[in-house]
Amino acid sequence: MKKERVNFITLPIVIMALAAFAGLCAAGENAAGYSYGDSAARNEACLVCHADAAKVKPAFFVDRARYAHTTHANISCPTCHGGSAVTHPAAGAAKADCRACHQAESEEYASGIHAGKTGCAGCHNPHKVKTPVEISGEEINKICSGCHNGFEMTAKHSEWLPQADLHLRMLPCITCHTASPDYYLSLYVVKGKDGSRFGRPELATYDDLKRLAGGKDVVSLIDTNGDRTISIDELRAFNKDASHRFLRLQGMMTPEVASHKFEILDDRRNCTFCHASGTPHMQKSYLSLPQAGGTFQRIAVQRGPVLDVVYSTPDFYLMGSTKSSRMNVVGLAIICGGLIMPVGHGTLRFLTRKNRKEEEEP
């Protein structure tokens, strides 16, 4: 057998590489004694302190369960904070640069009206971040309200938008202020805040639905046949069921693709973008149900005019939709004119009923 010749030139290089790797592994061991091997161990080296509210300031606290659900947990803490010294926390932690992975989103954000006003962390908590389908429209708006005062935004939108307070509650901000090739309706289960079915609604929690489901999967409350597809008949049955303890379905139009370029879009000022029979934005729908971990699961709904089933949106003239006070006066005059004849005729018959009775008696 022919003996393999050892390459004495490459051997020192291999030895040096192995030594460097061993040094990195040793350096990856912090004061808690955890080595940065796999992602779970590398995260634990940080979470042993940062998941304990007694050891860190509130701003540096990380919830284990919520962090474990993120994509960032899979790449581990040192990937973003790789410059942190072994002597951390005395030397401080290296600040993460989101652009290292999210360059496209960073460039998109820089081209919008929010550029320079806040960084990524102004809207996203990297230790809680979720995909758009796992977050409710209400939670998206709470993120925006961190900078935008609700009263001021309602007043500003009221300058041109009828019932601005209702619109701002019923639409995620990103629906009107980011462009998307397609939109869909997210259907949420809501409950009346004041104990009535039609009070100002708030999202039903996972515990609310779990109790109502009697131990079954919460999906079974609406998906009664268990085929994991929601039909319009199933939606109608749920909304009309009087035993659901003040629960009902509510839809929020949501962009299919979340954009980071925030802008003012003129076509959103046109009421027919949403309020028109057969509009393409009202055909695709998903049922979004809360989960135990604080996220939402999305289930496909039969394609069709879902809003007509949920709370009916007939195609009629909407006062204020033209945003012209003169047109509103003309429209109101037409409506009142149409009512004069039946109302006037009915009133006259009521006032003259005694005379007609006397004439009929002879």
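The values are calculated or read from the model by the stated rules, or taken from the named source; none is laboratory data. A quick note: this is a predicted structure, and the numbers were derived from the prediction, not measured. Counting neighbours? That spans all protein chains shown, and the Cβs are built from the backbone with ideal geometry, glycine included.
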Q: Return only the number of the condition from (1) hydrophobic (A, V, I, L, M, F, W, C); (2) under 30 Å from S111 (Cβ atoms); (3) buried (at least 20 other Cβ atoms within 10 Å of the Cβ) that L221 does not satisfy.
A: (2)
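Residue-wise test of (1) surrounded by 13 or more Cβ atoms within 10 Å (Cβ to Cβ); (2) part of a helix (DSSP H, G or I); (3) modelled with pLDDT of 85 or more; (4) touching a strand residue (DSSP E or B) at 6+ places or on another chain (Cβ under 7 Å).
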| position | (1), (2), (3), (4) |
| --- | --- |
| I264 | no, no, yes, no |
| A276 | yes, no, no, no |
| R298 | yes, no, yes, yes |
| D308 | yes, yes, no, no |
| T322 | yes, no, no, no |
| N355 | no, yes, no, no |
Q. Which helices (runs of 4 or more DSSP H) sit wholly inside the stretch 1-97 and have at least 3 residues that are at pLDDT below 85 and more than 26 Å from G122 (Cβ to Cβ)?
A. 10-27, 39-50
Q. Just wondering, is there one or more residues in the stretch 51-58 that are under 22 Å from the mean Cα position of the chain (by Cα) and not assigned by TED's automatic domain parsing to the domain that holds Y206?
A. no
Q.
Whether any residue in the stretch 159-177 is under 26 Å from G293 (Cβ atoms), in a loop (DSSP other than H, G, I, E, B) and not aliphatic (A, V, I, L, M) is what I want to check.
A. yes
Q: Take C147 and decide whether it is assigned by TED's automatic domain parsing to the domain that holds T272, touching a residue at least 60 places away in the same chain (Cβ under 8 Å) and farther than 24 Å from K240 by Cα.
A: no
Q. Yes or no: I340 modelled with pLDDT of 80 or more and under 30 Å from R268 (Cα atoms)?
A. no
Q | Criterion (under 19 Å from Q302 (Cβ atoms) and assigned by TED's automatic domain parsing to the domain that holds P172) met by exactly one of D233, D207, D217 | A | D233
**Q.** Any pair with Cβ under 7 angstrom, 6 or more apart, that starts in the stretch 186-214 at a residue that is closer than 20 Å to A237 by Cβ and ends at one that is surrounded by fewer than 16 Cβ atoms within 10 Å (Cβ to Cβ) and modelled with pLDDT under 90
**A.** V190/E202; K191/E202; G192/F198; G192/G199; P201/K193; L212/R245
Q: Report yes if P162 is outside the structural domain of P78 (by TED's automatic domain parsing) and under 18 Å from the mean Cα position of the chain (by Cα), otherwise no.
A: no
Q. Scanning the stretch 278-290 for residues that are outside any strand (DSSP E or B) and surrounded by 14 or more Cβ atoms within 10 Å (Cβ to Cβ), which turns out modelled with the highest pLDDT?
A. K284
Q | In the stretch 89-118, the residues that are within 20 Å of Y67 (Cβ to Cβ), surrounded by 12 or more Cβ atoms within 10 Å (Cβ to Cβ) and of a type in the set (G, A, S) | A | A93, A94, A96
